[in-house]
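Heads up: the structure comes next, in structure tokens.
The values are calculated or read from the model by the stated rules, or taken from the named source; none is laboratory data. Note that the structure is a prediction, hence the values are computed from the model and not measured. Positions of Cβ are generated from backbone atoms using ideal geometry, with glycine treated the same way; all protein chains shown enter the neighbour counts.
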2 protein chains.
Amino acid sequence: MKALWQPRGVAIVGASATPGSLGQRLLNYLRDHGYAGGIYPVNPRYPEVDGLTCYPSVGAIPGPVDLVLALVGAERVMGALQDCAAKGVAYVVVHASGFGEMGARGAALEQEMTAYARAHGMRIIGPNCIGLVSPTDHLVAGFSPLFSRVRFEPGRLGMVTQSGALGYGIVSLAVERGLRFSRIVNTGNEADLCTAELVEELLNDDVTSTILVYSEGVKRAADWRALGSLSLQRGKPVIVLKSGRSEAGSLAAASHTASLAGDDAVWDAAFRQLGMLRVDDVDDMLDLAAIFQQPRRPAGSGVGVMTTSGGAGILAVDSLSAAGLGVPALGDRTCQEIQAIFPAYGTIANPLDLTGQILSDPTMFRTALRSMVRDPVLDALLVCFCVLQGAEVDRAIDDLLTVLAETDKPILVSRTGGEFLAPGAAVKLQQAGVPVFASPARAVRAIAALVRFTQRGPALGVAPLPAPGPAPVGWPQPGQVLTEREAKSLLAAAGLPVTREVLVTTPAEAAAVAEQMGYPVVLKIDSPDIPHKTEAGGLRLGLGGSTAVQNAFRDVMTSVRTFKPDARLNGCLVQEQVEGSIAEIIVGVSPSPMGPVVTVGLGGIFVEVFKDVSQRLAPLTADDAKAMVAELRGFKLLTGVRGQKPADVEALAEVVARVSRLAVQWPGQWELDLNPVLVMPAGQGCRIADALLILSP
Amino acid sequence: MKALWQPRGVAIVGASATPGSLGQRLLNYLRDHGYAGGIYPVNPRYPEVDGLTCYPSVGAIPGPVDLVLALVGAERVMGALQDCAAKGVAYVVVHASGFGEMGARGAALEQEMTAYARAHGMRIIGPNCIGLVSPTDHLVAGFSPLFSRVRFEPGRLGMVTQSGALGYGIVSLAVERGLRFSRIVNTGNEADLCTAELVEELLNDDVTSTILVYSEGVKRAADWRALGSLSLQRGKPVIVLKSGRSEAGSLAAASHTASLAGDDAVWDAAFRQLGMLRVDDVDDMLDLAAIFQQPRRPAGSGVGVMTTSGGAGILAVDSLSAAGLGVPALGDRTCQEIQAIFPAYGTIANPLDLTGQILSDPTMFRTALRSMVRDPVLDALLVCFCVLQGAEVDRAIDDLLTVLAETDKPILVSRTGGEFLAPGAAVKLQQAGVPVFASPARAVRAIAALVRFTQRGPALGVAPLPAPGPAPVGWPQPGQVLTEREAKSLLAAAGLPVTREVLVTTPAEAAAVAEQMGYPVVLKIDSPDIPHKTEAGGLRLGLGGSTAVQNAFRDVMTSVRTFKPDARLNGCLVQEQVEGSIAEIIVGVSPSPMGPVVTVGLGGIFVEVFKDVSQRLAPLTADDAKAMVAELRGFKLLTGVRGQKPADVEALAEVVARVSRLAVQWPGQWELDLNPVLVMPAGQGCRIADALLILSP
């Protein structure tokens, strides 16, 4: 996207000389921030604007134009695009609102515009957006009031934001903190260029090392699947603030799995699977940007804490423990070195509390910090300051930067004190490579993310979504619910371990089948109109003999007819009753914007009461499937508690992995519940005791 | 504590003329901040300090002295105290370190000092502390570098902080945000005056309306029990940042209950029970201070959101939904009013997105805000700004304050933008009664706390700890573990429903008892040396006849002898086997610094795997006990799921309440496990099927 970041010429369609107008502001921002390419106002009403020749159309511009900022209203956008196409423009920023966000007519216009641009080799940014900034290239192409107040210094942070006002608000907070950007793009309605494409571009962009994303409704969500492995490959973290947690699911949740797979839970699972760092708030995004902007990565998870306040030290240790990071005891040599310089000092420990003595003995800080960074048990250092001011701040900064230059370990600062006490100190440290946080807890959250990202396994990510295969024999019609027997027959053909069962239509036949199968057996109604058998009285368990089976058959048929007189009844299933299982598990598939999601959970009361489930995008490797099962809170129940045998976790993982392959192989959008999957003792496999499959209309 | 906040005279023992010395700084801070009472330097080495007469001792000062700031080192503190006692001083701040925090000798000195002060009617603040500030009285009595940079304006926030550096760091951040304090005290080691006493003082203090507390190791924790009802009575929130979450429990956790009642979980439960607002970080403390500093309280939980950025509006709604607050649809009249002034506008809804139009049509903001505050479905308003600057900020502030003056609903601002874009705007709003937050999520967390505090029930709080009663018959020796039979006999005498059981010593006796009791029965080893029977093979369930009982008796005795050859064996218990219970519950008691804690949890695998417990300080009312049971995540399991009958929750609550009364009646520090308590179907009560009682050594 070189033509976007470094356009040879930029035209402003709708440029204006009216003070305060958008047309005038766009032009001024572009000039004031030092953009070196050609700047071309376009407006048939003016011969010149602010000393620059003004052209009646883009086509009339003599030099090359790669980027057009179109300030025209929605109704005139098509005309402007035609003008751009004639000139061979590469990128058009459509600032105006009044498109998809304003109802059907706007959406149609958005589609028309996009189709036209694609047909003519142009890409559109927006509509309904503020524009872009490429500090690397001194390009400020947009109209945020921020642009009149800030000088962008080139940095390594890239940002893609769907929201303009909020996005540039976050940028302003970042700049205030001393963070520096490479590229910033506000995508608005994403009629054409979307977040996933821009994130991919920034992952491949040499000047960008960390990517911040603010996203609302994700367009072309499946394109995100490829970004995980790219992020891992490039070693560039993607930090995502995804809002819209509370929006209702887009598909009606007919299956149990789908109701568990709330939209937002799926995003959570997907981002984790892709190795992306999801944050909950603007603060967290900036904290992570601050720590990832510095290039050092800790070799392990041991953190040394040095503090001028015992209280801040305790808060840091609380947070480190909660985050699962280590607070290792200092090595003997470190203790001796520090003891030697502070003979009267109380406890030499981690955290090391220097107290107010840092004020009376200024060399103490540097000496102790140097000693700690050399300690091999520590992988990163957190220095907690509270109220410092004046010359003591300058000295502390010098000392910190001196020691920083001697080590390749990251050093961070938490500074719980007003900016007015040490104006500019935080920005100076941040820009010199020492991230500064407002509290020990926030510093620790950032360190935890840095350690997690640095130690992420190579197995993260998700395979590309393959083209779906043909529908298998017995595949449902759109909107159809398959009966247990139909669904299990599909599953059995796909190699999944379903319980043995036979459809019978008379009491005598039921008894004969049961005799052959061996007691006890289960009897279940078989009807396309009764997806939930229990409530209809369509289920009998533990039938131990011929008479019981015959009576049960009559009872079930009667109950179901009473429950739903017009239900189509195929008869009953005589099914083996599985005895001796260790656990009931639910395994399911449901569609999501990023592709089919596999859900595994502890079944029965656990899933109803504790919602203990694990979710990932399909397809899964065997290792993925094992990891999903192992991350259930109730995993312990499968490993042999209270004298029980351990369950056949391997077999369960194999079921999950196989289901995940079906999830991307069977066509269309569908939901599957295997509930329960009975997991037998280790070595004895699993049995799918019930199944439900629904194809979306 | 009038003599503390408004001392008639303040003496500085160790005053000095040396520039930069603590003695000189203390004096200057006291003078510079405008303290109007007598200021008396004390130091035998100087006739005068900085133009003030310097006295050789406190006793030599002619005027009254209520407060002494003692700058002497630990070894000279006793002498200074004697000097103060002779003068009749009320309060002495001991700044020096080198006491309890430095080992046994320091701790002894601390005790000596405290005993002396109490005997002479003086109160000590510290040692190891920075001092206090009473902006209400222009009193700055301490030595934080902050004091040279800040003018304290009197406000309504009180603060009690154990940590000096961190505490005054938090104060500096608060001041920077426009928050104003009434009183600030750093308590340090709390040799005498402790946090609980000072919080009580501030709850009773007319000029203080909200109390901030930073606490590490809580001294005299039981005194906190009384603060909950006082806070509720006065309507003054207590906002607590309690660190030391990761510290190990102070009592060895021999019982299951005590291991569940980790120290920090108990603090969490106790603060909630006392109606105090526990926060996790400095940011949260300041956010809550900001919202509680303004005096308005919302009548309900409906929040109206107005935003200049769609993105910020979505983040606000996400947070409001997650916090359980309402985002009600606007009333018809509100919609009509807003529609009338913005005819071309898209969607009139909550959140109301004004977009960038607020810039082009400045009256829009005020009109829409006025219309929203008048809507009866809204109880509070959140206005989300992003990048605003210059004149538009001034106008927005004026409009906000105009509308604020017309309503008694709270109005809050979230401003996601750099301070440099609108310098001073946030402070101006905060001081005019509009709290400002850095993000929508943070604003919502604060609103949620405000709503929760405003709507808190009158039933919150905990009764005073009564004097313990005499030990009941059969009470253990210190360090003793009671057997199931002994513990149950105590419980039965206290009116608790234990299972029927008889101690037997031969197989024949066992069979005879079982015949009489009715089958099935349980057989359990009875030994003071086998607290955990299952692992010793000392438990047999479901014995259905005479032979089974006799064989089980022999098996149990053999197993236990093999498991622990030297165990003292009393014989076996023949116990009724309770059938038909709905749930297994664990009920327990464990000691805590605030008094005995009652724990209720779902027993068996639930407590082992999901740690689903609820805890409160004893004693409990019947309503408390019911609420504890109802707040279990798995409460649903007691209400009749999967076709089960509902459990006898009333009877369970009665057991919990009765146990909680024993918790404060039986003497000493002890742990009790009732595990399991079998809860029968509604109307059929509970049975305590096993019990363990341990008295601490």
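Numerical summary
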quantity: Residue list for region B:390-425, filter: in a loop (DSSP other than H, G, I, E, B) and either modelled with pLDDT under 90 or within 35 Å of the chain's Cα centre (by Cα) (or both); calculated: B:GLY390, B:THR407, B:ASP408, B:LYS409, B:PRO410, B:THR416, B:GLY417, B:GLY418, B:GLY424
quantity: Region B:613-631, residues that are within 14 Å of another protein chain (Cβ to nearest Cβ), surrounded by fewer than 20 Cβ atoms within 10 Å (Cβ to Cβ) and within 20 Å of the chain's Cα centre (by Cα); calculated: B:GLU631
quantity: Matching residues, region A:307-335, being closer than 14 Å to A:ILE447 by Cβ and hydrophobic (A, V, I, L, M, F, W, C); calculated: A:LEU315, A:ALA316, A:VAL317, A:LEU320, A:ALA322, A:ALA323, A:LEU325, A:VAL327
quantity: Unmet requirement for A:LEU81, which otherwise passes all of (1) surrounded by 15 or more Cβ atoms within 10 Å (Cβ to Cβ); (2) under 31 Å from the mean Cα position of the chain (by Cα); calculated: (2)
quantity: Counted residues, region B:403-415 - those being within 14 Å of chain A (Cβ to nearest Cβ) and surrounded by 24 or more Cβ atoms within 10 Å (Cβ to Cβ); calculated: 2
quantity: Filter result (within 14 Å of chain A (Cβ to nearest Cβ) and surrounded by fewer than 24 Cβ atoms within 10 Å (Cβ to Cβ)) within region B:149-167; calculated: B:ARG149, B:VAL150, B:ARG151, B:PHE152
quantity: Sole exception among (1) under 18 Å from B:ALA689 (Cα atoms); (2) within 34 Å of the chain's Cα centre (by Cα); (3) of a type in the set (Val, Ile, Thr) for B:THR483, by number; calculated: (2)
quantity: Helices (runs of 4 or more DSSP H) (entirely within region B:279-389) containing at least 3 residues that are within 14 Å of chain A (Cβ to nearest Cβ); calculated: B:282-293, B:310-322, B:357-360
quantity: Unmet requirement for A:VAL641, which otherwise passes all of (1) within 14 Å of chain B (Cβ to nearest Cβ); (2) β-branched (Val, Ile, Thr); (3) surrounded by 22 or more Cβ atoms within 10 Å (Cβ to Cβ); calculated: (3)
quantity: Leading residue by the ranking (farthest from the other protein chains (Cβ to nearest Cβ)) among those in region B:134-148 that are among the hydroxyl-bearing types (Ser, Thr, Tyr) and closer than 19 Å to B:GLY188 by Cα; calculated: B:SER134
quantity: Subset of region B:679-691 that is crowded, with 23+ Cβ neighbours inside 10 Å and part of a strand (DSSP E or B) - its residue that is modelled with the lowest pLDDT; calculated: B:ALA691
quantity: Any hit, region B:446-455, residues being farther than 30 Å from B:ALA657 by Cα, without any contact (Cβ under 8 Å) to a residue 60 or more places away in the chain and touching a strand residue (DSSP E or B) at 6+ places or on another chain (Cβ under 7 Å); calculated: no
quantity: Unmet requirement for A:TYR40, which otherwise passes all of (1) free of Cβ contacts under 8 Å to residues at least 40 places away in the same chain; (2) of a type in the set (Ser, Thr, Tyr); (3) part of a helix (DSSP H, G or I); calculated: (3)
quantity: Subset of region A:96-138 (residues that are part of a helix (DSSP H, G or I) and of a type in the set (S, T, N, Q)); calculated: A:GLN111, A:THR114, A:THR136
quantity: Matching residues, region B:496-514, being crowded, with 18+ Cβ neighbours inside 10 Å and either closer than 30 Å to B:SER660 by Cβ or under 41 Å from the mean Cα position of the chain (by Cα) (or both); calculated: B:LEU496, B:VAL498, B:THR499, B:GLU501, B:VAL502
quantity: Out of B:GLY424, B:GLY457, B:GLY418, sole residue that is out of contact with any helix residue (DSSP H, G or I) (no Cβ under 6 Å at 6 or more places or on another chain) and within 14 Å of chain A (Cβ to nearest Cβ); calculated: B:GLY424
quantity: Exclusive hit being over 21 Å from A:MET113 (Cβ atoms) and surrounded by 19 or more Cβ atoms within 10 Å (Cβ to Cβ), set A:VAL49, A:VAL13, A:VAL42; calculated: A:VAL49
quantity: Which numbered condition A:CYS54 fails, given (1) under 30 Å from A:ASP205 (Cα atoms); (2) in contact with a Pro (Cβ under 7 Å, 6 or more places away or on another chain); calculated: (1)
quantity: Some residue of region A:156-172 being more than 29 Å from the chain's Cα centre (by Cα) and in contact (Cβ under 8 Å) with a residue 12 or more places away in the chain; calculated: no
quantity: Residue selected from region A:168-180 under the condition facing chain B (nearest Cβ under 7 Å) and out of contact with any Pro (no Cβ under 9 Å at 6 or more places or on another chain), by the criterion surrounded by the most Cβ atoms within 10 Å (Cβ to Cβ); calculated: A:GLY169
quantity: Residue under evaluation A:ASN28, criteria (1) surrounded by fewer than 20 Cβ atoms within 10 Å (Cβ to Cβ); (2) within 36 Å of the chain's Cα centre (by Cα), criterion not met; calculated: (2)
quantity: Candidate set: region B:119-148, residues that are closer than 21 Å to A:GLU419 by Cα and free of Cβ contacts under 8 Å to residues at least 40 places away in the same chain; chosen: the one surrounded by the fewest Cβ atoms within 10 Å (Cβ to Cβ); calculated: B:PRO145
quantity: Tally, over region A:181-209, of residues that are of a type in the set (Ser, Thr, Tyr), under 16 Å from A:LYS236 (Cβ atoms) and either crowded, with 24+ Cβ neighbours inside 10 Å or within 11 Å of another protein chain (Cβ to nearest Cβ) (or both); calculated: 2
quantity: Exclusive hit being in the same structural domain as A:LEU157 (by TED's automatic domain parsing), farther than 28 Å from A:TYR168 by Cβ and either touching a strand residue (DSSP E or B) at 6+ places or on another chain (Cβ under 8 Å) or not hydrophobic (A, V, I, L, M, F, W, C) (or both), set A:GLY131, A:GLY103, A:GLY79; calculated: A:GLY79
quantity: Condition met for A:ALA663 (small (Gly, Ala, Ser), farther than 25 Å from A:LYS524 by Cα and buried (at least 22 other Cβ atoms within 10 Å of the Cβ)); calculated: yes
quantity: Candidate set: region B:427-454, residues that are part of a loop (DSSP other than H, G, I, E, B) and away from chain A (no Cβ under 14 Å); chosen: the one surrounded by the fewest Cβ atoms within 10 Å (Cβ to Cβ); calculated: B:ALA432
